[in-house]
Amino acid sequence: VDGRRGSAQVNEHVIISDKIGSFFAAVRANDVDRVRQILESDPELVDQRIADLGDARWEPSEEGDRRSNTALHWVAVRGWQEQSFVALARVLIDHGADVDAMGYNPNKGVASAVVLAAWEGELEGLTLLLEAGADPNRPASAETALYCAIEHTDPDAPEPNKVSVLLQHGARHDVFTA
């Protein structure tokens, strides 16, 4: 009996791991329809945390791991790539993703998706996060979203740009951005 129970636990772990793996594989592929389909059957995956965004195979993080991320963190920083991830971010938000959840990036430390989008994300993605209620002033371990936007926006950039959008949504200057 104990052997069977142990076997069921192992199989359940594999099934859970496969569900998480399928979800994050669809996220990585920017497969909006597949992500939507997965979230409709397993909505709790929207805020599933993974241990390391840089690993080839994403695995669930340990409980309380401060260096873990959700799919929304990964999507927020993809703006420098050739394909847009905004539609994917919209699906995650529409399925209840926590727009203020803290994640981890080796360059930015513990940070929200807004900080990551202000750093290397798309303007449209940053705007989407802010319109979904993300806090533009949420403290991070390294820099604020406004600091990241100022650092990565040409001073002559036409509006709207990341700086103007953050300010319109209530971002406050601090000693580093004034």
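In summary, residue 116 fulfils each of the numbered conditions (1) more than 29 Å from residue 44 (Cα to Cα); (2) assigned to a helix (DSSP H, G or I) with the single exception of condition (1). Has the range 139-147 got any residue that is closer than 19 Å to residue 104 by Cβ, hydrophobic (A, V, I, L, M, F, W, C) and assigned to a helix (DSSP H, G or I)? Yes; the residues of the range 139-147 include at least one that is closer than 19 Å to residue 104 by Cβ, hydrophobic (A, V, I, L, M, F, W, C) and assigned to a helix (DSSP H, G or I). Every residue in the range 37-69 that is out of contact with any Leu (no Cβ under 7 Å at 6 or more places or on another chain) and modelled with pLDDT of 90 or more, please. Matches in the range 37-69: 37, 40, 41, 42, 43, 44, 47, 48. Filtering the range 132-164 to residues that are β-branched (Val, Ile, Thr) and within 19 Å of the chain's Cα centre (by Cα) leaves only 144.
The condition of being under 11 Å from the mean Cα position of the chain (by Cα), open to solvent by 50 Å² or more (accessible area, probe 1.4 Å) and over 16 Å from residue 173 (Cα atoms) holds for only one of 98, 94, that being 98.
Among the residues of the range 88-113, those that are small (Gly, Ala, Ser), in contact with a Gly (Cβ under 9 Å, 6 or more places away or on another chain) and assigned to a strand (DSSP E or B) comprise 111, 112.
Listed by first and then second residue, the pairs linking a residue in the range 74-87 that is under 25 Å from residue 109 (Cβ atoms) and assigned to a helix (DSSP H, G or I) to a residue that is at pLDDT below 70 and of a type outside the set (Ser, Thr, Tyr), with Cβ atoms under 8 Å apart and 6 or more places separating them unless they lie on different chains, are 74/53. Scanning the range 122-145 for residues that are closer than 16 Å to residue 88 by Cα and among the acidic types (Asp, Glu) turns up 122, 124, 131. Filtered by the rule that a residue be buried (at least 17 other Cβ atoms within 10 Å of the Cβ) and either among the polar types (S, T, N, Q) or assigned to a helix (DSSP H, G or I) (or both), the range 121-136 gives 123, 124, 125, 126, 127, 128, 129, 130.
Being within 18 Å of residue 153 (Cα to Cα) and open to solvent by 30 Å² or more (accessible area, probe 1.4 Å) is the filter here; which residues of the range 72-91 pass it? Across the range 72-91, the qualifying residues are 78, 80, 81.
When the range 107-120 is limited to residues that are open to solvent by 10 Å² or more (accessible area, probe 1.4 Å) and over 11 Å from residue 141 (Cα atoms), the one that is modelled with the lowest pLDDT turns out to be 120.
The values are calculated or read from the model by the stated rules, or taken from the named source; none is laboratory data. Since this is a predicted model, take the numbers as computed values, not measurements. A quick note on method: Cβ atoms are made from the backbone with ideal geometry, for glycine too, and the neighbour counts reach across all protein chains shown. Note: areas computed on protein heavy atoms with side chains; ligands, DNA, RNA excluded. Shrake-Rupley method; radii C 1.70, N 1.55, O 1.52, S 1.80 Å.
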